[in-house]
2 protein chains.
Amino acid sequence: MSTLYGGIEAGGTKFFCAVGTGPNDLPAETQFGTTTPEETIGRAITFFKGQQEREPLTAIGIGSFGPVDPDPTSPTYGYITTTPKPGWAWIDLAGMIQRALGTPIAFDTDVNAAALGEYRWGAGQGLDSFIYLTVGTGIGGGGIINGRLMHGLIHPEMGHIRIPHDWDVDPYPGSCPYHGDCLEGLASAPAIEARWGQTPDTLPADHPAWALEAHYLALGLTNFICTLSPQRIIIGGGVMEQSQLLPLLRQNVPKLLGGYIQAPQILEDIDNYIVLPGLGRRAGVLGAIALASGPVR
Amino acid sequence: MSTLYGGIEAGGTKFFCAVGTGPNDLPAETQFGTTTPEETIGRAITFFKGQQEREPLTAIGIGSFGPVDPDPTSPTYGYITTTPKPGWAWIDLAGMIQRALGTPIAFDTDVNAAALGEYRWGAGQGLDSFIYLTVGTGIGGGGIINGRLMHGLIHPEMGHIRIPHDWDVDPYPGSCPYHGDCLEGLASAPAIEARWGQTPDTLPADHPAWALEAHYLALGLTNFICTLSPQRIIIGGGVMEQSQLLPLLRQNVPKLLGGYIQAPQILEDIDNYIVLPGLGRRAGVLGAIALASGPVR
């Protein structure tokens, strides 16, 4: 029996599909922009059908942008639910893939999938409790707590925490249609672009945008540390590809914690506490393959 | 062999000690103020020695104010660590009890102990992931995530998250010696007293203090919901004994979430989502007995 898996990182900006078994065995992959559900999911189906003609897939994992319904007992399991992304609310992503390809599907959030990939092959190996954050079109977080993926009521929506916002320093009201100036509303890529009139990748490394961005993200990380006590924070996404940002986070987070949490991992070894994904840009799609191949929950 | 357990809720204001096996079997209990470590721990030891003369204790559980070191592999396991409470920093609480009484000790934070008590006998029964918060002299949180108590790097310090603070509405700078206006700094009992010049129990139910308190606590709860996705929030502590506060929280939290998290538990059944401890004021001490009697971690 084959043990080839499919993986889909279903992002709000692009879909990343691959087949394989792990980071050293990804014989095929493809990426394309996220347009309409019909077109985008159709392209994913076409890719996997082509792969299946060569070799059947044992299962397909999907790590999706959200909010999603990751509860296998729910009638809307596998759906993207209340997303503000036009056309994508209440789309049965897992069901469409499953019906077209006839393979078992494992489904979770994009960030939980990435966390699982990092747990198996990347920067989360050997840890019991860590979080994976992405900072890009949105801000999301998932993770492994007590050795299992975080679900609970639905799934974490870490980007939507409220943080202090000094309106005198930063009069930008925030981009979140639900909350205005939540973390995502202040620090996602669209927020940076709306505030400064430039996309993040065109802002110079010494632009004041980055000190403000690091301040907001550090407030978020500080809150996640106080709430969850993770053994490590893995942080990826398009905005984190600005390499000046990570050192600023590593400076700001211990300052904000103020010496209260006496953990040598934070006080003496912050460079190994706040880290980029070990699997780089493939964390999400490899995580989807891990979802397909492993115990999902 | 006896199965009588001891439990200590070691609070920053008072110690609550009991022996028994559960909520319907607590043959002896005592409470006394937290003064010096020598005197306070001495009184606990005297109480349990008296009990042991009647019937030996199988184990003693301790749920302590913190921060603490709950890692059994650490050289400072069982210590209260960096507390600002005078005289109590780096006190070997578990060790002093263990050496004096010769019984096995189970040790965790006060809020994790209370969460375990609620999980076994109270408002957390049957849940996989929930949090337990206390609002009193300090604000603390713990919980069960994926069926086990939260630990991670050390333990959560939920009271120390940063939340929005509108200085025009509330010029009080916050009471936290580490962070100023973190959640605990703005919403703990000492913060209420410092802001309004009265202890919380003397403020009338229609005093504006309570709307502000509910606003800050609701910001905290909203952040915990977004970060952890708990199936329920159990909230206790002295400040929550002001009965006007819970209905305000149940109003404010869904408003702050803004309809983003489409969970019927929040949208349609908030009265069963944010609840007081099922074990009331005995949640902590019963949790300590649960720690002593059960798988600790």
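Taking the criterion of being within 11 Å of another protein chain (Cβ to nearest Cβ) and hydroxyl-bearing (Ser, Thr, Tyr), the only residue of the range B:128-143 that qualifies is B:Ser129.
Being within 30 Å of B:Pro264 (Cα to Cα) and among the polar types (S, T, N, Q) is true of A:Thr227. For the range B:3-23, the criterion of being hydrophobic (A, V, I, L, M, F, W, C), in contact (Cβ under 8 Å) with a residue 60 or more places away in the chain and either touching a His at 6+ places or on another chain (Cβ under 6 Å) or assigned to a loop (DSSP other than H, G, I, E, B) (or both) is met by none of the residues. Selection within the range A:49-69: residues that are assigned to a loop (DSSP other than H, G, I, E, B) and of a type outside the set (Ser, Thr, Tyr). The member of this set that is modelled with the lowest pLDDT is A:Gly66. Checking each residue in the range B:132-145 for being at pLDDT 95 or above and more than 10 Å from the chain's Cα centre (by Cα) picks out B:Ile144, B:Ile145.
There is at least one residue in the range A:249-265 that is under 21 Å from the mean Cα position of the chain (by Cα), within 30 Å of B:Pro75 (Cβ to Cβ) and away from chain B (no Cβ under 11 Å). Taken across the range B:7-23, residues that are aliphatic (A, V, I, L, M), open to solvent by 10 Å² or more (accessible area, probe 1.4 Å) and at negative phi do not occur at all.
Being among the acidic types (Asp, Glu), within 30 Å of A:Asp69 (Cα to Cα), more than 7 Å from chain B (Cβ to nearest Cβ) and within 23 Å of the chain's Cα centre (by Cα) is a description that does not apply to A:Glu157.
Looking only at the range A:282-297, count how many residues are modelled with pLDDT under 95 and assigned to a helix (DSSP H, G or I).
Counting residues in the range A:282-297 that are modelled with pLDDT under 95 and assigned to a helix (DSSP H, G or I) gives 1.
May I ask you to verify whether B:Tyr178 is within 11 Å of chain A (Cβ to nearest Cβ) and among the hydroxyl-bearing types (Ser, Thr, Tyr)? Considered against the rule, which asks whether it is within 11 Å of chain A (Cβ to nearest Cβ) and among the hydroxyl-bearing types (Ser, Thr, Tyr), B:Tyr178 comes out as yes. Scoring A:Pro72 on the criteria (1) within 28 Å of A:His155 (Cα to Cα); (2) more than 19 Å from the chain's Cα centre (by Cα); (3) not small (Gly, Ala, Ser); (4) not in a loop (DSSP other than H, G, I, E, B) leaves a single failure, condition (4). Here B:Asp206 meets the list (1) over 30 Å from A:Asp71 (Cβ atoms); (2) in a helix (DSSP H, G or I); (3) without any contact (Cβ under 8 Å) to a residue 40 or more places away in the chain almost entirely, failing just condition (2). Give the range B:239-263 a look and list any residue that's open to solvent by 40 Å² or more (accessible area, probe 1.4 Å) and either of a type in the set (Ser, Thr, Tyr) or modelled with pLDDT under 95 (or both), or say none. Correct list: B:Ser243, B:Gln262.
Considering each residue of the range A:93-103, count those that are closer than 23 Å to A:Gly152 by Cβ and free of Cβ contacts under 8 Å to residues at least 60 places away in the same chain, and give that number. Adding up the residues that qualify gives 1.
Condition check for B:Gln198 on (1) touching a His at 6+ places or on another chain (Cβ under 9 Å); (2) open to solvent by 10 Å² or more (accessible area, probe 1.4 Å); (3) not in a loop (DSSP other than H, G, I, E, B): one failure, at (3). Select from the range A:276-297 the residues that are within 14 Å of another protein chain (Cβ to nearest Cβ) and touching a residue at least 40 places away in the same chain (Cβ under 8 Å) and write down the one among them that is nearest to B:Pro75 (Cα to Cα). Per the criteria, the residue is A:Arg297.
If you go through the range B:92-104 and keep only what is of a type outside the set (Gly, Ala, Ser) and over 19 Å from the mean Cα position of the chain (by Cα), you end up with B:Asp92, B:Met96, B:Ile97, B:Gln98, B:Arg99, B:Leu101, B:Thr103, B:Pro104. In this entry, A:Thr46 passes the filter for residues that are open to solvent by 60 Å² or more (accessible area, probe 1.4 Å) and in a helix (DSSP H, G or I). Considered as a group, the residues in the range A:75-93 that are open to solvent by 10 Å² or more (accessible area, probe 1.4 Å) and away from chain B (no Cβ under 11 Å) include one that is farthest from A:Thr34 (Cα to Cα), and that residue is A:Pro75. Residues of the range B:120-127 include none that is crowded, with 21+ Cβ neighbours inside 10 Å, more than 11 Å from every other protein chain (Cβ to nearest Cβ), charged (D, E, K, R) and not in a strand (DSSP E or B). For A:Leu153, the conditions (1) within 25 Å of A:Ala113 (Cα to Cα); (2) buried (at least 24 other Cβ atoms within 10 Å of the Cβ) are fulfilled apart from (2). Whether any residue in the range A:106-118 is out of contact with any Leu (no Cβ under 9 Å at 6 or more places or on another chain) and either open to solvent by 60 Å² or more (accessible area, probe 1.4 Å) or charged (D, E, K, R) (or both) is what I want to check. Scanning the range A:106-118, I find at least one residue that is out of contact with any Leu (no Cβ under 9 Å at 6 or more places or on another chain) and either open to solvent by 60 Å² or more (accessible area, probe 1.4 Å) or charged (D, E, K, R) (or both), so the answer is yes. If you go through the range A:179-195, how many residues are touching a residue at least 40 places away in the same chain (Cβ under 8 Å) and surrounded by fewer than 19 Cβ atoms within 10 Å (Cβ to Cβ)? Matching residues across the range A:179-195 total 1. Select from the range A:210-266 the residues that are in contact with a strand residue (DSSP E or B) (Cβ under 9 Å, 6 or more places away or on another chain) and assigned to a loop (DSSP other than H, G, I, E, B) and list them in ascending order. Selection gives A:Pro230, A:Gln231, A:Arg232, A:Gly237, A:Gly258, A:Tyr260. All conditions in (1) modelled with pLDDT of 95 or more; (2) assigned to a loop (DSSP other than H, G, I, E, B); (3) surrounded by fewer than 24 Cβ atoms within 10 Å (Cβ to Cβ) hold for A:Ala100, with the sole exception of (2). Of everything in the range B:55-72 that's away from every other protein chain (no Cβ under 14 Å) and β-branched (Val, Ile, Thr), which residue is farthest from B:Leu149 (Cα to Cα)? Within the range B:55-72, the match that is farthest from B:Leu149 (Cα to Cα) is B:Thr58.
The values are calculated or read from the model by the stated rules, or taken from the named source; none is laboratory data. A quick note: this is a predicted structure, and the numbers were derived from the prediction, not measured. Here the Cβ is made from the backbone with ideal geometry for all residues, glycine too, and neighbour counts use every protein chain on show. With ligands, DNA and RNA removed, areas are computed over all heavy atoms of the protein, side chains included. Shrake-Rupley method; radii C 1.70, N 1.55, O 1.52, S 1.80 Å.
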